[in-house]
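*Asks:* Before anything else, here's the structure in question.
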Amino acid sequence: MSKRPRGNIHKIREFELEKIHLVDEFDILQIVGEGWFGKILLVEHRGSQTEMVLKAVPKPYVSIRDFFREFHYGLHLGIHRNIVTTYDVAFETAGFYIFTQEYAPLGDLTSNMADTGVGEEYTKRV
């Protein structure tokens with residue numbers, strides 16, 4: 001029996017992250033979420049006047065490799081119309097690894113579902 005190769009089916013791109021001072025590049029409009037996993041910030045990019053979300057994960061709690069993995073999967077899954085788009089922009093600050101995503105003003109799926117679920121009619125439409 002042949003030995004199967006182990007590992008991911010696609011190569012996760014790693015590159016040197018640009019180091020920035022967040023407040024020099026973005027106006028922070030709102031903290032959308034916060035916890036041990038990091039912060040989700042609604043921001044406006046000063047140069048382009050574009051609203052977006054920054055997903056910031058603290059360096060002490062995540063390896064650079066894990067950050068690139070999450071960024072990679074976000075880029076590849078985000079092309080689906082029902083998944084939040086991850087933009088091909090990532091950078092770091094003194095304390096965080098950060099990547100950018102589209103803003104979903106209505107929240108996530110679980111915040112928009114009743115405790116009993118979405119029901120048969122809507123489930124069939126998905």
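*Asks:* Can you run phi through the Karplus equation (6.51, -1.76, 1.60; θ = phi - 60°) for the range 58-72 and list ³J(HN,Hα) in whole Hz, with x for Gly and Pro?
*Replies:* Values per residue, Gly and Pro as x: x, 4, x, 10, 9, 7, 4, 5, 5, 4, 4, 5, 5, 4, 4 Hz.
*Asks:* What list of ³J(HN,Hα) values in whole Hz, one per residue of the range 88-99 in order, does the Karplus curve 6.51 cos²θ - 1.76 cosθ + 1.60 (θ = phi - 60°) give from phi, with Gly and Pro shown as x?
*Replies:* 7, 9, 9, 7, 9, 10, 4, x, 9, 9, 9, 9
*Asks:* Sticking with this structure for a sec: With 10 angstrom as the radius, rank T85, T50, T100 by how many other C-beta atoms surround their C-beta, starting from the fewest.
*Replies:* Numbers: T85 17, T50 13, T100 22.
Arranged by neighbour count, lowest to highest, T85, T50, T100 become T50, T85, T100.
*Asks:* Right, here's the next one. Using a basic spin-label model with each label point 7 Å from the Cα along Cα→Cβ, how many nm lie between R81 and F15?
*Replies:* Here the modelled spin labels are 2.9 nm apart.
*Asks:* At 0.36 nm per residue, minus the direct Cα-Cα distance, what do D66 and E51 gain on full extension? Give it in nm, one decimal, please. Working shown, then result.
*Replies:* Numbers: separation 15, 0.36 × 15 = 5.40 nm, distance 2.60 nm.
Here the segment from D66 to E51 would lengthen by 2.8 nm.
*Asks:* Going by how many other beta carbons lie within 10 Å of each one, how would you line up R65, R81, R46, fewest first? Before the final figure, lay out each step's value.
*Replies:* Details: R65 9, R81 6, R46 12.
Listing R65, R81, R46 from fewest to most nearby Cβ atoms yields R81, R65, R46.
*Asks:* Taking neighbour counts of Cβ atoms within 10 Å as a proxy for exposure, in what order, fewest first, do E120, E102 appear?
*Replies:* Values: E120 8, E102 14.
Final ranking by Cβ density, sparse to dense: E120, E102.
*Asks:* Then there's this: Read phi for every residue in the range 46-51 and hand back ³J(HN,Hα) as whole Hz from Karplus 6.51 cos²θ - 1.76 cosθ + 1.60, θ = phi - 60°, with x for Gly and Pro.
*Replies:* Ordered by residue, 3J(HN,Hα) equals 5, x, 10, 6, 9, 7 Hz.
*Asks:* Could I have the simple spin-label model distance between D27 and E120, label points 7 Å from Cα toward Cβ, reported in nm to one decimal?
*Replies:* Going by the 7 Å Cα→Cβ label model, 5.1 nm.
No lab work stands behind these numbers, since they all come straight from the coordinates. Just so it is clear, the structure is predicted and the values come from calculations on it, not from any experiment. Reconstructed Cβ throughout: ideal geometry from the backbone, glycine too, with neighbour counts over all protein chains shown.
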